[in-house]
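Just so it is clear, none of the values below were taken in a lab; they were calculated from the coordinates. What you see is a predicted model, and the numbers here were worked out from it, not measured in a lab. No Cβ is skipped: glycine too gets one built from the backbone with ideal geometry, and neighbour counts run over all protein chains shown.
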Amino acid sequence: MKVEYINPFIEASQSIITETTGLSTKVGKIYIKNTPFKGNNVVVLIGITGSIQGSVTLSLKKTLTCKIASAMMGGMPVEELDEITKSAVAELCNMILGNAANIFYKNNISIDISPPTVLTGENMQFSPSKSVIICIPLEFDCGETMELDLTYKEN
Amino acid sequence: MKKVLVVDDAAFMRLSLRTILQRNGYEVIGEAANGSEAVNKYFDLKPDIVTMDITMPEMDGVEALTEIKKKDPSAKVIMISALGQESWVKKAIIYGASGFVVKPYKEDHIIQTLNKL
């Protein structure tokens with residue numbers, strides 16, 4: 001596990017979530033996942049290339065997705081996973097990864113990111129090949145957790 | 001009223017920017033969800049200003065900026081992106097962007113940046 005890969009994601013996700021939603025998070029225990037790993041109801045997938053070859057999935061329940069989207073839209077009530085709600089949480093993830101890329105850049109690690117893909121469903125499983133999977137749980141005050149799973153190929 | 005073309009692959013971002021711009025006296029005359037659509041709409045609609053995301057499918061925002069500036073060197077394109085590294089900002093300015101705003105943005109900053117054009 002490359003420790004220097006983890007801190008930019010922690011820093012970026014906590015600051016971007018607070019800045020865009022006003023919600024604060026605590027980092028839970030970071031651990032290595034085995035493949036296949038499970039996703040929650042809503043998963044945002046962003047590819048990473050450059051010095052790190054892999055992807056990030058952000059995985060959360062529908063209820064947390066709606067809370068986050070509502071906060072991003074100035075408190076407007078959000079009950080359903082419509083296209084704007086999914087787009088809001090995809091954009092949150094895009095900003096987290098963009099911010100992380102900037103932190104990496106300042107540490108002389110250059111990465112590029114893909115546009116986000118949003119997946120919704122039940123019982124999703126992810127099977128990246130020959131990759132390390134590091135899970136960074138982000139715990140919200142409401143008791144719900146968003147999992148940021150960083151998947152990358154070891155050199 | 002200045003006319004703006006809003007380009008971003010996220011529907012949420014296009015809605016957010018549209019709301020901010022209309023609230024501040026700008027007219028949003030069109031939207032595009034990728035760079036290729038942005039280039040086509042630019043020459044169809046002839047906006048005064050374009051707000052351009054970078055990370056998009058099909059054609060990214062810097063490529064779209066380049067294509068627009070090739071045919072219209074006077075085009076005013078403001079990049080609005082989550083990628084705020086110096087390398088991206090330099091690249092965008094070299095290819096002719098009139099400004100660069102890093103997401104997440106504050107409404108005041110967007111409007112001040114557009115007002116300067």
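Just a few scattered comments:
- Each residue in the range B:53-110 was checked for being of a type in the set (A, V, I, L, M), in a helix (DSSP H, G or I) and surrounded by 16 or more Cβ atoms within 10 Å (Cβ to Cβ), and 7 of them qualify.
- Checking B:ILE78, B:ILE93, B:ILE68 one by one, the residue that is closer than 25 Å to A:SER15 by Cβ and more than 14 Å from chain A (Cβ to nearest Cβ) is B:ILE78 and no other.
- Residue that is of a type outside the set (D, E, K, R) and surrounded by fewer than 20 Cβ atoms within 10 Å (Cβ to Cβ), where the choices are A:MET146, A:MET73: A:MET73
- Cβ-Cβ under 6 Å pairs, at least 6 apart or on other chains, the range B:7-27 side under 19 Å from B:TYR42 (Cβ atoms), far side charged (D, E, K, R) and part of a strand (DSSP E or B): B:ARG14/B:GLU31; B:GLU27/B:LYS3
- Test for A:ASN123: is it more than 10 Å from every other protein chain (Cβ to nearest Cβ), without any contact (Cβ under 8 Å) to a residue 40 or more places away in the chain and out of contact with any His (no Cβ under 6 Å at 6 or more places or on another chain): no
- For the residues A:ILE6, A:ILE52, the requirement of being away from chain B (no Cβ under 14 Å), more than 17 Å from A:PHE140 (Cα to Cα) and within 13 Å of the chain's Cα centre (by Cα) singles out A:ILE6.
- Complete set of residues in the range A:33-66 that are hydroxyl-bearing (Ser, Thr, Tyr) and free of Cβ contacts under 8 Å to residues at least 60 places away in the same chain: A:THR65
- Any hit, the range A:141-153, residues being within 17 Å of the chain's Cα centre (by Cα) and either within 13 Å of chain B (Cβ to nearest Cβ) or in a helix (DSSP H, G or I) (or both): no
- Restricting attention to the range A:121-138, the residues being assigned to a strand (DSSP E or B) and surrounded by fewer than 15 Cβ atoms within 10 Å (Cβ to Cβ) number 1.
- Scan of the range A:76-96 for residues that are buried (at least 21 other Cβ atoms within 10 Å of the Cβ) and either acidic (Asp, Glu) or within 7 Å of another protein chain (Cβ to nearest Cβ) (or both), ordered by number: A:SER87, A:ALA88, A:ALA90, A:GLU91, A:ASN94, A:MET95
- Test for B:GLU31: is it touching a residue at least 12 places away in the same chain (Cβ under 8 Å), at positive phi and either assigned to a helix (DSSP H, G or I) or within 14 Å of another protein chain (Cβ to nearest Cβ) (or both): no
- Qualifying residues in the range B:1-21 (those that are touching a strand residue (DSSP E or B) at 6+ places or on another chain (Cβ under 6 Å) and assigned to a helix (DSSP H, G or I)) - the one farthest from the other protein chains (Cβ to nearest Cβ): B:LEU21
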